[in-house]
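Chemist: I'd like to ask you about the structure that follows.
The values are calculated or read from the model by the stated rules, or taken from the named source; none is laboratory data. The structure displayed is predicted, hence computed values, not measured ones. Cβ: placed from backbone, ideal geometry, glycine included. Neighbour counts: every protein chain shown.
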Amino acid sequence: MTSEPPYSCAILTVSDKGSRGERQDTSGPGLKKILIEQGFEVRAYQIVPDQMEMIQEAMRRWVDDEGIDLIVSTGGTGVSPSDVTPEATRPLLDREIPGIGEAMRQASMLKTANAMLSRGIAGTRKASLIINLPGSEKAARENIAAVLPTLAHAIYKIKGGMKDCGATQG
Ligand code: MTE
């Protein structure tokens, strides 16, 4: 385990229609491009339906078996009956980081009042950071943009990085 970049990441698109091939996933590939531009190594990308067990299986595998530094999910954070991504994520977390969800919603409210409907959470599991983003490509982009400036510093600290915060902050 290293506390220095480049960090690895995995992208999980959570969508019933996407998993059945009835809708093309543009959010996952959009996030992939953004994260590569930010210097992340994208190790995995998967589409799963809005199903607790399948969401959890992917997240557990990526953290526990593969030690991936950052897991980003997109979709299933809203208030439709099928939306279960935060419920699937919460029991996997050792520690929640409420500020990440707060920052994403705060920034997103400047774009659309519907931002208050995203219940996405974030937190740590072992030495990894997990973040839920909403599902549309626009929403996923706008939400990750709000946290990009602090992602590398967050992962550095989660891994026990000892440098002063001022020395690693963007
Ligand atoms: N946040 C931003 N920045 N931009 C958006 O367009 N869409 C919202 C919200 N967050 C949106 C956003 C909408 S319409 C919904 S329903 C919720 O995210 C939940 O989306 P999800 O169920 O696809 O995860």
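Chemist: Give the stretch 116-155 a look and list any residue that's near the ligand (Cβ under 8 Å from one of its atoms), surrounded by 22 or more Cβ atoms within 10 Å (Cβ to Cβ) and not in a helix (DSSP H, G or I), or say none.
Modeler: S118, G120, N132, L133, P134, G135, listed by residue number.
Chemist: Shifting gears a bit: Pick from the stretch 136-169 the residues that are of a type in the set (S, T, N, Q) and within 15 Å of the chain's Cα centre (by Cα): which of them is farthest from L31 (Cα to Cα)?
Modeler: T150
Chemist: Between a residue in the stretch 27-39 that is without any contact (Cβ under 8 Å) to a residue 24 or more places away in the chain and over 19 Å from G76 (Cβ atoms) and any residue that is surrounded by 16 or more Cβ atoms within 10 Å (Cβ to Cβ) and among the aliphatic types (A, V, I, L, M), which pairs come within a Cβ distance under 8 Å, given they are 6 or more apart or on different chains?
Modeler: Short answer, once both residue conditions are applied: I36/V42.
Chemist: Can you pull out every residue in the stretch 97-112 that is more than 9 Å from the ligand (Cβ to nearest atom) and exposed (fewer than 15 other Cβ atoms within 10 Å of the Cβ)?
Modeler: Answer for the stretch 97-112, where residues must be more than 9 Å from the ligand (Cβ to nearest atom) and exposed (fewer than 15 other Cβ atoms within 10 Å of the Cβ): P98, G99, E102, Q106.
Chemist: Please work out which one of (1) within 19 Å of V147 (Cβ to Cβ); (2) surrounded by 14 or more Cβ atoms within 10 Å (Cβ to Cβ); (3) of a type in the set (V, I, T) is the condition I36 fails and give its number.
Modeler: Only one criterion in (1) within 19 Å of V147 (Cβ to Cβ); (2) surrounded by 14 or more Cβ atoms within 10 Å (Cβ to Cβ); (3) of a type in the set (V, I, T) is unmet by I36, namely (2).
Chemist: From the residues in the stretch 80-96 that are of a type outside the set (D, E, K, R) and more than 16 Å from T13 (Cα to Cα), which one is nearest to the ligand (Cβ to nearest atom)?
Modeler: Only one residue fits best here, namely S80.
Chemist: Output yes when any residue across the stretch 67-74 is in contact with a Ser or Thr (Cβ under 8 Å, 6 or more places away or on another chain), part of a strand (DSSP E or B) and more than 18 Å from T124 (Cβ to Cβ), and no when none is.
Modeler: Yes: one or more hits.
Chemist: Something else now. Name the residue, out of S8, S3, that is closer than 28 Å to H153 by Cα and touching a helix residue (DSSP H, G or I) at 6+ places or on another chain (Cβ under 6 Å).
Modeler: S3
Chemist: Still on this structure: Just to be sure I understand the filter: pairs with C-beta atoms under 6 Å, separated by 6 or more residues or on different chains, first member in the stretch 108-126 and at pLDDT 95 or above, second member assigned to a loop (DSSP other than H, G, I, E, B) and buried (at least 21 other Cβ atoms within 10 Å of the Cβ). Which pairs pass?
Modeler: Every condition considered, the pairs that remain are S118/T77; S118/P134; R119/T77; G120/T77.
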